[in-house]
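Contents: one structure, followed by commentary.
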Amino acid sequence: MIASFKSSPLALRLSAFLILLCAIAAVFQSFAPAYLTENNLHALLRHMSVNGLTAIGLTFVIVVRHFDLSFPGVASLGAMTLGWLLANDYSLSASVLGGIGVGLMAGLINGTVISYLRLPDIVTTIATGGVAVGLSYFYSNGTSISENFFMSGILDLNDSKFLALDMPVVILLATAIVAFVILHCTRFGRAFYATGENRRSAVFSGIRVKTYILTAFGLCGALSCLGITLLVASSGAANVTAGNQLMMPAFAAVYLGAALFGSPSIPATLAGALLMSAMLNGFTLLAIPYYYSDAIVSTVLILAIGIFDPKLTTLLGDIFGRKAAGKNGR
């Protein structure tokens, strides 16, 4: 038993995740009977899709041991780009690709400055995010854009289904599968982890570290704009504050998943995104103000990191191991 605790196997971590998820569901169901209804679960999963896509992109950045604080602003710029293109009679596919392209470009700028010019990631991404927010005002002077939304078909991205699954969930699952294969099943993906774990060793192993950092930031920017596309589809309008609600859920999803499962990964991020969405959806049903919900989510995140941090579990395992050894010695 002690050995299994010390090694923190997948079964133990998966059990902890399921217990935590069931506990969240039980608490909110007791206060809001509509919580586990079919309609609300569909809404929960659609909300998870937005945050999950953003968190998947952020996972790549975290794996290479960097931070990206620009994606909320970049997502707002992507949303306004999408809305402007739709309002000017561009096709849905061209508009969506345009919004994602803006995110990709911003991410590549971040990656270039951070990897090749070696500027600090936090300062760089804060600056990029600020510039992106400023640029998003040029489309409509800060007012929302909703022209041609009903005729363009973008609302179908939120309302349509595929094999009984909501389209946002389908997009999330498809993206997660591709990201999982890339990050966990290929040599290319393993190089991301090698870059983050020991950059010097990665260089000596022939890994183009700068290229992987550049790619990670590019993916983060592109996927944040893909996520915001689903948010725009659900709200029926694009506005300059669209990305403001992405920061906390995305970071919480990545770090909570990594804390629960031992390291950042695509499955861990999806698990964290589900937990975050389960809590945020419950807070919405209970009409809890956002500042209280943010405080509660932050507290849960800190507790989870503290409880499941490998250093703490190793320390507790050593303590229990010494106690058991002492009893056996008696």
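The values are calculated or read from the model by the stated rules, or taken from the named source; none is laboratory data. Every value quoted in this text rests on a predicted model; they were computed, and no experiment measured them. Quick reminder, even Gly has a Cβ in these numbers, built from the backbone with ideal geometry, and neighbours come from all protein chains shown. Ligands, DNA and RNA are excluded from the accessible area calculation, which covers all protein heavy atoms including side chains. Shrake-Rupley method; radii C 1.70, N 1.55, O 1.52, S 1.80 Å.
Run down A273, A268 and say which single residue is open to solvent by less than 30 Å² (accessible area, probe 1.4 Å), under 12 Å from T54 (Cα atoms) and hydrophobic (A, V, I, L, M, F, W, C). I'd like the intermediate steps shown before the answer.
Values: A268 fails: under 12 Å from T54 (Cα atoms).
Result of the check over A273, A268: A273.
Taking L86, is it open to solvent by less than 10 Å² (accessible area, probe 1.4 Å), more than 13 Å from S224 (Cβ to Cβ) and assigned to a helix (DSSP H, G or I)?
Values: open to solvent by less than 10 Å² (accessible area, probe 1.4 Å): yes; more than 13 Å from S224 (Cβ to Cβ): yes; assigned to a helix (DSSP H, G or I): yes.
Criteria met by L86.
Which pairs turn up if I take residues in the range 14-35 that are over 17 Å from L285 (Cβ atoms) and look for partners that are open to solvent by 60 Å² or more (accessible area, probe 1.4 Å) and outside any helix (DSSP H, G or I) with beta carbon separation below 7 Å, at least 6 apart in sequence or on another chain?
Final answer for the pair search is none.
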